[in-house]
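Only one structure is covered here, and it is reproduced in the block below.
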Amino acid sequence: MISTDILVLGSGSAGLFFALQVAKRSKLRIHIITKKERSESNTNYAQGGIASVMNEHDSYESHIRDTLIAGAGLCHEDAVRVLVEEGPQRIQDLIDLGTQFTHDESGKLHLGKEGGHSANRIVHTRDLTGKEIERSLLSAIASHPQITLLEDHFAVELLTDHQRIDKKKRKKDPITCYGAYILDEKSGKVEIVRAKKAVMLATGGAGQVYLHTTNPMIATADGVAMGYRAGAVVGNLEFIQFHPTTLYAEGARSFLISEAVRGAGGILRNLAGERFMAEYDPFRMELAPRDIVARAIDAELKHRGEQYVLLDISHLPAEKIKKEFPNIYEKCKLFGIDITKDPIPVVPAAHYSCGGVVTDLVGRTNLSNLYACGEVTMTGVHGANRLASNSLLESLVFSYRAANDLTDSLKTRPKEEEKVKLVEWDDSGTENAEEWVVIEHDRREVQQLMWDYVGIVRSTYRLKRSERRLKLISEEIEAYYRKTKVTVPLLELRNITLAALLIVRSALKRKESRGLHYMTDYPEPKPALGKKDTILQKKV
Ligand code: FAD
Ligand code: SIN
């Protein structure tokens, strides 16, 4: 067993920034657990940048308004205000930590533009912003004496009162979190990591629930699934954001073509050469919020029976394109596309989960001692549709606030909780997994089902059909999980399937179309549902 003060699950921007802030304010020992190599995270692939009000041509009110408009009536305005007003300071924190952002010729931060923003406010490092943020945070962690980072360690379950040896003393409400069961992927053993003060859930997104996604393989909704199983409240899971433009090419695995490309003047055309956005959003055109652009592309493809649309920036000077989008330029070149001359074939893909584990404004969940931050959460800032580049910002602003809350409240935390004894992981009687092919097949089946039936356009009929199938798959997986020694593929499949079911159940609860959730049988938003989050909680 490992014993520590703070257990952080995940090494993306949320987990790393949180750990650094806690270490700055206290002498606490912090263990960061991450399931693959340390930089592997959604953060590492972020392209466009971080939205923030950085000069006198912009204002907080404008950024707040843009966020609320994109969120289609479901944002929590208090959370949005916090996000926007504390953003510039968090960008400064990154700069102080050594993050190198792109500057213009006058030496000021270069501010890009993206869909739904009424000003240039995207702070970025060319089209490799996430990589640079991850680099700078990891290098600050590497030399920190209070922080230990363990790679190839997979969080299996949160430890709560249910795993107390003295079950009689178990509290009912609120449930307390004491740590997590962690699988050491090299040894195959599951151990307890005991956190005396708090656990931070920062496990990121859920893109792998879908067949086509911009997210890397780690994004398997582990945090939402673990949180839900432990009794955490989850919310607004129906709002899955589909990014309108990912590269359509054999083997490209939904590589993202950043919204910044449209921000720089990129034009969308169908294969007949028509600039179709004029039909869907005549004023904002290519820079309408993502839900509108993704739906427009989807409609265009279905209507015309085509496989992709074209995104063209070849009218910009070649040098400018290569300088601002080196990553996209190089990647497309590998597929025989010279973006300085050719249009880019693009299709939408699952990109971001707006819902998640519900937190308050300082990252607290409904479980005592369990914080959450980053993409795994629902803080209220995104509502029914996230505004571009607001998520890296959310991960920084709310992890900073959680670190403050945690270190400020240390003196009032009950000391007896630190002595609670927990039941060890017991896998006696289980067998080694033999049916690998079944696991791979099930994963693919869930992803295909979600892509076909729970995508950009939904209907009650399709949702119910997918719910029935997912329930069956989920029951099979649970049975398999109980009799088999755990492995990463099995644990991920279990989490993906549960998250898929929760997405479908949330979608079925929302009997209207709003933001990212478009239902053919309820094509309009319903004002009565406008302010209601979709909440799910397991009885434990
Ligand atoms: P992540 O960065 O995903 O980190 C999660 C961490 O948890 C990872 O280290 C992972 O390995 C670990 N983990 C997960 N499950 C477990 C487990 N069971 N056990 C142990 N460890 C676990 N947002 C913007 O604001 N601007 C952008 O320009 C932008 N571009 C994007 C481009 C792409 C291609 C993608 C995929 C996303 C983009 N986003 C962007 C979204 C943004 O990157 C993410 O929302 C944000 O980085 C999430 O940070 P996070 O720390 O919450 O999660
Ligand atoms: C992008 O670069 O288009 C991604 C931005 C985001 O997801 O916020």
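The values are calculated or read from the model by the stated rules, or taken from the named source; none is laboratory data. Everything numeric here is computed off the predicted structure, so don't read it as measured data. Reconstructed Cβ throughout: ideal geometry from the backbone, glycine too, with neighbour counts over all protein chains shown.
Brief remarks follow.
- In the range 12-35, the residues that are within 16 Å of ligand 2 (Cβ to nearest atom) and of a type in the set (A, V, I, L, M): ALA14
- Checked against the criterion of being surrounded by 24 or more Cβ atoms within 10 Å (Cβ to Cβ) and acidic (Asp, Glu), the range 257-265 has at least one qualifying residue.
- The single condition from (1) in contact (Cβ under 8 Å) with a residue 60 or more places away in the chain; (2) not in a strand (DSSP E or B); (3) not aromatic (Phe, Trp, Tyr) that HIS243 fails is (2).
- Taking the range 348-378 as the range and being of a type in the set (Val, Ile, Thr) and within 10 Å of ligand 1 (Cβ to nearest atom) as the test, the residues that pass are VAL376, THR377.
- Restricting the range 415-435 to residues that are outside any loop (DSSP other than H, G, I, E, B) and acidic (Asp, Glu) leaves a set whose member that is farthest from TYR181 (Cα to Cα) is GLU416.
- Hits in the range 80-129 - residues which are closer than 13 Å to ILE50 by Cβ, more than 12 Å from ligand 1 (Cβ to nearest atom) and hydroxyl-bearing (Ser, Thr, Tyr): THR99, THR102
- Per-region count, the range 484-517, residues more than 16 Å from ligand 2 (Cβ to nearest atom), within 22 Å of LEU463 (Cα to Cα) and not small (Gly, Ala, Ser): 18
- The listed residues are ARG229, ARG269, ARG253, and the only one of them that is at pLDDT below 95 and either surrounded by fewer than 24 Cβ atoms within 10 Å (Cβ to Cβ) or within 19 Å of ARG290 (Cβ to Cβ) (or both) turns out to be ARG253.
This table checks each residue for (1) among the aromatic types (Phe, Trp, Tyr); (2) assigned to a helix (DSSP H, G or I); (3) farther than 25 Å from GLY112 by Cα.
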{"residue": "LYS24", "(1), (2), (3)": "no, yes, yes"}
{"residue": "HIS31", "(1), (2), (3)": "no, no, yes"}
{"residue": "ASN44", "(1), (2), (3)": "no, yes, no"}
{"residue": "GLN47", "(1), (2), (3)": "no, no, no"}
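Conditions tested, residue by residue: (1) closer than 24 Å to GLY455 by Cβ; (2) out of contact with any strand residue (DSSP E or B) (no Cβ under 9 Å at 6 or more places or on another chain); (3) more than 16 Å from ligand 1 (Cβ to nearest atom); (4) not small (Gly, Ala, Ser).
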position: THR245; (1), (2), (3), (4): yes, no, no, yes
position: GLU250; (1), (2), (3), (4): yes, yes, yes, yes
position: ALA272; (1), (2), (3), (4): no, yes, yes, no
position: PRO282; (1), (2), (3), (4): no, yes, yes, yes
position: ILE297; (1), (2), (3), (4): yes, no, yes, yes
position: LEU301; (1), (2), (3), (4): yes, no, yes, yes
position: PRO317; (1), (2), (3), (4): no, yes, yes, yes
position: LYS322; (1), (2), (3), (4): no, yes, yes, yes
